[in-house]
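Everything on this sheet refers to the single structure shown next.
The values are calculated or read from the model by the stated rules, or taken from the named source; none is laboratory data. Note that the structure is predicted; figures quoted are calculated from it, not measured. Positions of Cβ are backbone-derived with ideal geometry, glycine not excepted, and every protein chain shown enters the neighbour counts.
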Amino acid sequence: MRWAVYLAIAAKALSAHKLRSMLTVLSITLGAFAIVLMTSLAEGGLLTLSRGIEQLGGARLILIAPKEPVRAERKKAMYVTGFTRKDRDHLARGIPHVAEHTLYAMLGSRDVTSDEGDEDRTDLVAADSGFLDAFRMPVGRGRAFSDEEDRRRARVCVAGPKLAARLWRGDPIGRWVTVGALRCRVIGVLAASERMGFNFGFSWDDLLVAPIDTAADVEKDVRSSALLVLKTDDVRNNDPVKRIVNALLVERHHGVDDFTLYDFSSIMEQFEAVFATMKAIVGLIAGVALLIGGVGVMNMMLVSVSERVREIGIRKALGAAPGDISAQFLCEAALLSGAGGLLGVAGGALAAGLASSIIRRFTPGWVGAISTTAVIAALLVSSGVGVAFGWLPARRAGRLDPVAAMRR
């Protein structure tokens, strides 16, 4: 009941100086607004990148890449360097808990020429028939090439939607394209991808995918640069799968450690830790505005105390205890900061939603988010800042001598 009286008195005192109170509230509002907006956008970016990776398998992915050996280098002459179809098939048959697998090679950005004479540049990827399914790249028109076409080195390929739109004015299915010494017929066009910010060495929309054995006949770097990708059925099975992969490849490569394994479960943990740090930094930077708002609250309360010295003296003479006077001024500071925090949080949430809608128009894969953590933190910090910076003026008001105060 007593605190309700304090709040009522505080609200009446603040309404007597509307403009000054509104400016003080605005300083807190801007700080809370910045915390919610910036943290929500950072969280949206994390969710967007995470969703793109999770669509591919996320933490269940294991990437096996070639590297220069650190021991037994002379033994490389005893076998074909890099990864081959036999490596892939051997791993697929000999390892439990592998849900999907693929073999592909990134051949970099290449000049391409259509059968109409149009020239362009795109990413060339040599891959097996499981590549498109493993990387969740659906075919929008036509079809993907089969394992049988890859084995017999068929001159076929699948184009990305952006490349197809630039090279051909009509239907690209059945048209021919030339990349260096490779000439292939387009049998499929990929559907547009909404992934952003993460790739595996090639563009999701602007690329040309050719069968790996077909490309290996004319591109000498295919086998030496080929990568193996495994997807386990559960992230808990990543460790046993890696141990078996390591043992099988060491055996097949005659003890030469010319490969390295990347476990995406640990990569995802590092990725999330980095983004959590970034979110914290963004929140701290935005929180500086709240501290500035807190200084504004202290300044206003000190001015209010100096203006109301006579009022304080009269209230003390009538029996008000120092604690009652301090509580009243603390209530005023809490009302200012609390109102600013609520307005800032509401405005920040609306701005985050609006910003996500605008970003989504240009980047369809964007995942909008309003950070619940930021909302709670902004409310708590804004209220805490008001009370913390209002304590000194409240203490000063409570310690005023009533006789001296009434004489002023």
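At-a-glance table
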read-out	value
Criterion violated by ARG85 - all others in (1) within 22 Å of ASN238 (Cβ to Cβ); (2) outside the structural domain of LEU190 (by TED's automatic domain parsing); (3) of a type outside the set (Gly, Ala, Ser) satisfied	(1)
Filtered residues of segment 43-73 (kept if modelled with pLDDT of 80 or more, buried (at least 16 other Cβ atoms within 10 Å of the Cβ) and either touching a His at 6+ places or on another chain (Cβ under 8 Å) or not in a helix (DSSP H, G or I) (or both))	LEU61, ILE62, ILE64, PRO66
Residue in segment 100-109 that is assigned to a strand (DSSP E or B), more than 18 Å from ILE64 (Cα to Cα), modelled with pLDDT under 90 and of a type outside the set (Ser, Thr, Tyr) present	yes
Segment 121-163: number of residues that are surrounded by fewer than 23 Cβ atoms within 10 Å (Cβ to Cβ) and touching a Cys at 6+ places or on another chain (Cβ under 7 Å)	2
Conditions (1) modelled with pLDDT of 80 or more; (2) crowded, with 18+ Cβ neighbours inside 10 Å: number failed by ARG360	(2)
Condition check for GLY340: assigned by TED's automatic domain parsing to the domain that holds ALA378, modelled with pLDDT of 75 or more, under 32 Å from the mean Cα position of the chain (by Cα) and closer than 30 Å to SER40 by Cβ	yes
Considering residues of segment 4-42 that are under 20 Å from ALA388 (Cα atoms) and polar (S, T, N, Q) only, the residue modelled with the highest pLDDT	THR29
Selection within segment 165-197 - touching a strand residue (DSSP E or B) at 6+ places or on another chain (Cβ under 8 Å), within 24 Å of GLN55 (Cα to Cα) and not in a strand (DSSP E or B)	ALA191, ALA192
Segment 74-86, residues that are at pLDDT below 75 and assigned to a helix (DSSP H, G or I)	ARG74, LYS75, LYS76, ALA77, MET78
Residue list for segment 217-251, filter: surrounded by 17 or more Cβ atoms within 10 Å (Cβ to Cβ), in contact with a helix residue (DSSP H, G or I) (Cβ under 8 Å, 6 or more places away or on another chain) and not in a strand (DSSP E or B)	VAL222, ARG223, ALA226, ASN238, VAL245, LEU249
Contacts under 7 angstrom Cβ, first residue in segment 202-220 being farther than 24 Å from PRO161 by Cα and in contact (Cβ under 8 Å) with a residue 24 or more places away in the chain, partner basic (Lys, Arg) and part of a loop (DSSP other than H, G, I, E, B), 6 or more apart	ASP217/ARG153
Test: residue in segment 268-277 that is surrounded by 16 or more Cβ atoms within 10 Å (Cβ to Cβ) and closer than 30 Å to VAL381 by Cα	yes
Qualifying residue in segment 257-266 (condition: part of a helix (DSSP H, G or I), at pLDDT 75 or above and crowded, with 16+ Cβ neighbours inside 10 Å)	yes
